[in-house]
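**Student:** I am attaching a structure below and will ask some questions about it afterwards.
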Amino acid sequence: MTASVSTAPFPFDNSYARLPGGFYAPAVPTPVAAPALIKVNAALAEELGLDPQALASPEAVEMFAGSRVPDGAEPIALAYAGHQFGQFVPQLGDGRAILLGEVVGRNGRRDIQLKGSGPTPFSRRGDGRAGLGPVLREYIVSEAMAALGIPTTRALAAVTTGEPVWRERALPGAVLARVAASHIRIGTFQFFAARRDTPALRQLADYTIARHYPDLAGAARPHLALLEAVIGRQAELVARWLNVGFIHGVMNTDNMSVSGETIDYGPCAFMDAYDPETVFSSIDQMGRYAYANQPDIAHWNLARFAECLVPLLDDDKEAAVAAANAALSAFPARFKGAYRAGLLAKIGLDDVNEEDVALALDLLAVMAAGKADFTLTFRRLGPAAEDAAALEGVRDLFLDREAFDAWADRWRARLATGGREGAQVRAGMDRVNPLFIPRNHLVEWAITAATEDGDFAPFEALTAALAHPYEEQPRFAPYAGLPPQMEGYRTFCGT
Ligand code: AMP
Ligand code: MG
């Protein structure tokens, strides 16, 4: 059965479908039994220049469920490869996602992709479907990341299908309409590099430059400039993750976007108590993608990206490899600079110098030893920049309070030499230290209510709270409190 055609609620312009056939396979979404709307992201729709009401119409809901292919859409599944947990897989591709097409809105070109809309030529043994739980998790967490100001794919809409998906048990099926700057991954480059298809690689690189780094088109060596730019964006991105306690969980090269957006919200989760070794993903048994490993893994992934680009960098292979290595060697300093600036801002300091960095890192050490909540420690420090009495609320978060007190004395003394008003320091801290993050117990609560009782009120309330992570929101105060103990909490890839 193929989906029927209807008028699109917006015009599509599908530049990826104009690339050669090897880049993708045509793939039509599979119609579902009973499409029903969970939510349209009105704020995002407006950003894209789309009418949120039109997106909630029965025709649009059918489109989001995959039951209708709108005019102008050219649904395709993208080809890619990737290193999964260090092992190269030459053929992956969109197995449970279909790119409906691209829309050109106020902020440029965006992919609209359906995740969970049925099998594609790349599905291998998978069903191409998604359960309601993973769809809600991606909606909640990706939108929380956007509100935190971190580059990410977005959630435009979510629908239920009225059909079960079979995992260990039957779960309600759902589809997520995801919006991304593009879906070009490091693995997309690896797909062609593994086939030694240099013309295709060149075409992909040029397409990526035109779409994501147009300023580089005129560079003396545009492909080297592309490598450097992607390295820069990934370094900045991972620094942002660390500074909010985010653990991606499955940083395979097929899950790393060359646009620098966070993509693929499978087993991701935020850390509660600070522990650099935190791992949530059930399949990450070696802790490869643990919180503190993320910069090294990003660097490793970028080395795989650089390898792909070597044939484009110079006719002389040795010179090409040297250029790639020189670009890669910039990653650690680039990451460190971004991470440290972000970390210092979290304790109200803005000049990156070794002494202040040592002070900030000492806090992290005290937090780790004292099992202090990452998010609340930083958030509650803000008021203490203004008034030492507020330190009480921070020290309560630590098992070893004396160690925190000793650190706090040093911090207050340092702030006193900074010459800025406490209120001003606090305001700056409150802008970078969120109060609301998608905590594991809250995400699970929203998913359980929806999956087991068909109750979407917790999902609605949580997404509303997370849309303003840096603001005090008294009506959502319970979501900002200390989480319950969640020893052994595990997340799954969402397949
Ligand atoms: P991920 O772990 O989400 O990055 O997925 C890795 C690969 O498995 C991608 O190529 C996916 O398209 C594919 N995949 C994951 N789940 C399914 C599914 N239910 N059906 C078909 N393909 C899937
Ligand atoms: Mg993936």
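**Student:** With θ set to phi - 60°, apply the Karplus curve 6.51 cos²θ - 1.76 cosθ + 1.60 along the stretch 377-383 and write out the HN-Hα couplings as whole Hz, x wherever there is a Gly or Pro.
**Tutor:** For the stretch 377-383, the Karplus-derived couplings read 4, 5, 4, 6, 5, x, x Hz, x marking Gly and Pro.
**Student:** Determine the share of the stretch 64-139's accessible area contributed by carbon and sulfur atoms, expressed in whole percent, with a 1.4 angstrom probe.
**Tutor:** Using a 1.4 Å probe with all protein chains present, the stretch 64-139 comes out at 47 percent carbon and sulfur.
**Student:** May I ask for the Rg/Rh ratio of the stretch 349-495, computed from Cα atoms with Rh as the Kirkwood radius, given to two decimals?
**Tutor:** Computed over Cα atoms, the ratio is 1.03.
**Student:** Starting with the highest mean, order 479-490, 336-347, 448-459, 237-248 by the number of other Cβ atoms within 10 Å, averaged over the residues of each peptide.
**Tutor:** 237-248, 336-347, 448-459, 479-490
**Student:** Further question: With a probe of 1.4 Å, find how much accessible area the chain has per residue, and write the answer as a whole number in Å².
**Tutor:** Averaged over the residues of the chain, the accessible area is 40 Å².
**Student:** Which value in Å does the Kirkwood hydrodynamic radius of the stretch 335-394 take, with 1/r averaged over all unlike C-alpha pairs and then inverted?
**Tutor:** 12.0
**Student:** Taking the alpha-carbon distance from LYS317 and a cut-off under 12 Å, which aspartates and glutamates remain once sequence neighbours fewer than 8 residues away in the same chain are dropped?
**Tutor:** Here the aspartates and glutamates satisfying the reach criterion relative to LYS317 are GLU307.
**Student:** Over the chain, what relative contact order in percent results from Cα pairs under 8 Å that are six or more residues apart?
**Tutor:** Relative contact order of the chain: 14 percent.
**Student:** Right, here's the next one. Among 287-293, 373-379, what's the highest-first ranking by average C-beta atoms within 10 angstrom per residue?
**Tutor:** 373-379, 287-293
**Student:** Over the stretch 347-432, what percent of the accessible surface lies on carbon and sulfur atoms, probe 1.4 Å?
**Tutor:** The C+S portion of the solvent-accessible surface of the stretch 347-432 is 50 percent.
**Student:** On each of the three principal axes of the Cα atoms of the stretch 218-331, give max minus min coordinate, whole Å, ordered largest first.
**Tutor:** Computed over the Cα atoms, the extents are 49, 26, 21 Å.
**Student:** Give me the one-decimal Kirkwood hydrodynamic radius in Å for the stretch 277-396, with the sum taken over alpha-carbon pairs.
**Tutor:** Averaging 1/r across every pair of different Cα atoms and inverting gives 17.4 Å.
**Student:** Carbon and sulfur together cover what percent of the accessible area of the stretch 146-266 at a 1.4 Å probe radius?
**Tutor:** Ligands and nucleic acids excluded, carbon and sulfur give 52 percent.
**Student:** With viscosity set to 0.692 mPa s and temperature to 37 °C, compute the Stokes-Einstein D of the stretch 347-432, Rh being the Kirkwood radius across alpha carbon pairs; µm²/s, no decimals.
**Tutor:** The Stokes-Einstein estimate is 257 µm²/s.
**Student:** Further, regarding this structure: Charges only on Cβ, +1 for Lys and Arg, -1 for Asp and Glu: so what's the dipole of the chain about the Cα centre, in debye to the nearest 20?
**Tutor:** Approximately 860 debye in magnitude.
**Student:** Of ASN252, ALA235, VAL279, which is farthest along the charge dipole of the stretch 230-281 in the positive direction, counting Lys and Arg as +1 and Asp and Glu as -1 at C-beta?
**Tutor:** Of the options given, the answer is ALA235.
**Student:** Find the eigenvalues of the gyration tensor of the Cα atoms of the stretch 81-232, then list the square roots of 5 times those eigenvalues as equivalent ellipsoid semi-axes, largest first, in whole angstrom.
**Tutor:** Gyration-tensor ellipsoid for the stretch 81-232: 30, 20, 13 Å.
**Student:** Compute the label zone of LEU482 within the stretch 348-381: residues whose backbone N is under 18 Å from the point 7 Å along Cα-to-Cβ.
**Tutor:** Correct set: 366-381.
**Student:** Over the Cα atoms of the stretch 3-180, what radius of gyration and what Dmax do you get, in Å?
**Tutor:** That works out to 15.5, 45 Å for Rg and Dmax.
**Student:** In whole Å, what are the Cα extents of the stretch 91-164 along the three principal axes, biggest one first?
**Tutor:** 37, 25, 24
**Student:** For the chain, what are Rg and Dmax over the alpha carbons, in angstrom?
**Tutor:** Looking at the chain, its Cα Rg and Dmax stand at 23.1, 71 Å.
The values are calculated or read from the model by the stated rules, or taken from the named source; none is laboratory data. As the structure is a computational prediction, the values presented were derived from the model and not from experiment. Cβ coordinates were reconstructed from backbone atoms using ideal geometry, including for glycine residues, and neighbour counts include every protein chain displayed. Surface areas here come from the heavy atoms of the whole protein model, side chains and all, with no ligands, DNA or RNA. Shrake-Rupley method; radii C 1.70, N 1.55, O 1.52, S 1.80 Å.
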